[in-house]
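Working notes, beginning with the structure itself.
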Amino acid sequence: MKLVIDNRTGYLNDYYFQTLCLLYFPGEKFKQNDTSDNSAYFYLEETDKENHMFVSHVVLSSGDRKAEGHFSGGYTPSIPMNDDFYAMNALGKAFLEAGNNLFGFGLPWGYITGLRPVKRAKYYLDRGYSAEEVITLFESDYNVSHEKSTLSVETALLQQKMLADVKENDCGLYVSIPFCPTRCDYCSFVSYSNAKLFALIPEYLEKLMRDIRDTGDMIKRLGMNLLSIYIGGGTPSILDEFQINRLLKCINESVSINDNTEYTFEAGRPDTVTLEKLKAVKANGVKRISINPQTTSDFVLNEIGRKHSVKQFFDAAEMAMNLGFDSVNSDLIAALPGDTEVSFKQSIEDVINLGFDNITVHTLSIKNAANIRFVGDGYYDPEGDFARASVEYARNRLGEAGYKPYYLYRQKNTVGNAENTGYTKQNKENLYNVLMMEEHSTVFACGAGSITKLVSPNRNEILRHAFPKYPFEYLREEKGLGFDEAEAFFSKYRKDDIH
Ligand code: SF4
């Protein structure tokens, strides 16, 4: 889209303006000499520095439609903010007005562009502000709807409880299996999904197990305590039961596991789940499993190119429930092509009736690497009404059924600017999701496409080490994150504490 920025202040960079545009124009690219029908013009000026007074003017256009928004004056935030806030507020309010005038609908998350709104809510709760004050901050200062403000604060309050006993040297471990039986149309994840590439799995496992042993050794040498293990993908249950056994035994021998260690295996695609595999998973100490249908409509599954049936999901779910895992999770996606109000509601009912402990409701997000594209390419919910209504319905219905939100994140280019929320029955929260999503603690990762994040004790610094995205490249990688690098990162903070 064409973007013209006349920013006469020292606040906010061009990237911020682009991110703001994506809220109303998901999936847009910002290229020079752009020929698309969409454009945005931003004017921002500070008129009185001492009193944080600004003038902003935004013009948005789409095809032959055009609309404007204005802001002029100052604003007193409900909670003291840094100087950037005032510029963001002036610009954000004019942008929302222009967008509303152009498209005829507001944005549930106001002008918050960040992907982790709960982190913001928790930040203020941790500093002693009340839930009501934080809700006011979201509603009045960031123009977030009442529903999303209370959702953020409710989620943050539950996270506060979950994280109360998590210590500085606690950490998580993620193990990546980036292979899937076939590729779903909406997926942008780098995952190998054809028979020829499956030939790499044995070699991949050998390398992965070497990395797991090295990582286990590093965790011990760093004096860290492992709270949670998560084996994700891709589709970990694409491995056969012998491979599953080898992998889990390797993990069990490489790290310290006790009764309190959370241990999750994301089976994912129901068409890969067998009783033998589930038994192998359970016998090796895994307590939590995920079986993900995304929808319980065969029609929708077909529309999204997810090559399994609803019956396969119910069969896999029944096997998992009968084996008595501590916790079973299911993922759904709102606003999938072909889904309707009736079929989405039925999906929610089905996972509630199965008695699952965690239900995660994602919203469809359109990525470049996926096969599904946004409007103009045939997607039917361009303004996201259905997406917003679906996640709202899920929140209310799951709330009635006793589920509470415990983690939440947003993605760019999500239909309807809606969010992804993990719901849980009481005391069944998955800690890994929160440690990772909120960047609260260090998470070591092993495997292609995964990222180790070392989080400093004060959470102000994160050191990332990304493994190569593709299994083929991963196999060639000689060395991952070394002990010396990790030790240097943490020792810096130990020294800081002494001075
Ligand atoms: S199973 Fe999951 S990771 Fe694999 S292709 Fe489908 S959506 Fe992507």
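The values are calculated or read from the model by the stated rules, or taken from the named source; none is laboratory data. Everything quoted here is computed from the prediction, not taken from an experiment. Here Cβ is always computed from backbone atoms with ideal geometry, including for glycine, and neighbour counts include all displayed protein chains. SASA here: full protein model, heavy atoms, side chains in, ligands and nucleic acids out. Shrake-Rupley method; radii C 1.70, N 1.55, O 1.52, S 1.80 Å.
To the nearest 0.05, what FRET efficiency results for residue 101 and residue 168 with a Förster distance of 56 Å applied to their C-beta separation?
On the way: r = 49 Å, r/R0 = 0.87.
Once the sixth-power term is evaluated, E becomes 0.70.
Sequence-distant contacts, meaning Cα pairs under 8 Å at least 6 residues apart, place the relative contact order of the chain at 13 percent.
Given the range 163-455, what whole percent of its Cα pairs are spread farther than 35 Å? Across the range 163-455, Cα pairs with separations above 35 Å total 15 percent. Once the Cα atoms of helix 310-323 and of the chain are each reduced to a long axis, what angle between those two axes, in degrees from 0 to 90 to the nearest 10, is obtained? That works out to roughly 60 degrees.
Could you please report the charge total around residue 278, scoring K, R as +1 and D, E as -1 over all other residues with beta-carbon less than 12 angstrom from its beta-carbon? Could the numbers behind the result be given before it?
Details: positive: 277, 279, 282; negative: 241, 276, 315, 318.
For residues surrounding residue 278, the net value is -1.
Using alpha-carbon pairs under 8 Å, 6+ residues apart, how would you state the relative contact order of the range 1-105 in percent? Intermediate results must be reported in sequence, preceding the final value.
Details: 192 pairs, mean separation 26.7, N = 105.
Value for the range 1-105: 25 percent.
Within the chain, antiparallel bridges make up roughly 50 percent of the DSSP beta bridges whose residues both belong there. Helix 146-163 axis versus longest C-alpha principal axis of the chain: approximately 40°, rounded to the nearest ten. One Cα centroid belongs to the range 194-214, the other to the range 414-444; the line between them spans 28 Å. Among 174-187, 294-307, the peptide with the highest mean count of other Cβ atoms within 10 Å heads the list, and the full ranking is 174-187, 294-307. Packing, taken as the mean count of other beta carbons within 10 Å per residue, orders the peptides 16-26, 254-264 from highest to lowest as 16-26, 254-264. Once you treat every alpha carbon in the range 153-229 as an equal point and sum by Debye, what is log10 I(q)/I(0) at q = 0.18, 0.19 Å⁻¹? Evaluating at q = 0.18, 0.19 Å⁻¹ gives log10 I(q)/I(0) of -0.88, -0.90. When DSSP beta bridges are restricted to pairs lying wholly in the range 1-105, around 75% turn out antiparallel. Rg then Dmax, both in Å and based on the Cα atoms of the range 1-105: 13.8, 42. Modelled spin labels at residue 240 and residue 298, positioned 7 Å past Cα toward Cβ, are 3.0 nm from each other.
Could you work out how far apart the two model spin labels at residue 197 and residue 31 are, taking each label as a point 7 Å from the Cα in the direction of the beta carbon, and quote it in nm? So the label points at residue 197 and residue 31 sit 2.5 nm apart.
Here the peptides 150-157, 213-220 are ranked by packing, the mean other Cβ count within 10 Å, and the order with the highest first is 150-157, 213-220. Along its three principal directions, the equivalent ellipsoid of the chain from the Cα gyration tensor extends over semi-axes of 38, 28, 22 Å, largest first. A 1.4 Å probe, protein heavy atoms only, puts the accessible area of residue 343 near 20 Å².
For the chain, report the accessible area per residue in Å² (1.4 Å probe, heavy atoms, rounded to an integer). Present the calculation step by step, with values, prior to reporting the outcome.
Values: 21330 Å² over 499 residues.
Heavy-atom accessible area per residue stands at 43 Å².
Which pairs in the list 412/469; 453/479; 404/428 are over 18 Å apart, alpha-carbon to alpha-carbon? From the list (412/469; 453/479; 404/428), the Cα-Cα distance tops 18 Å for 412/469. Could you work out how far helix 241-254 tilts from the main Cα principal axis of the chain, as a 0 to 90 degree angle to the nearest 10? Roughly 80 degrees, rounded to the nearest 10.
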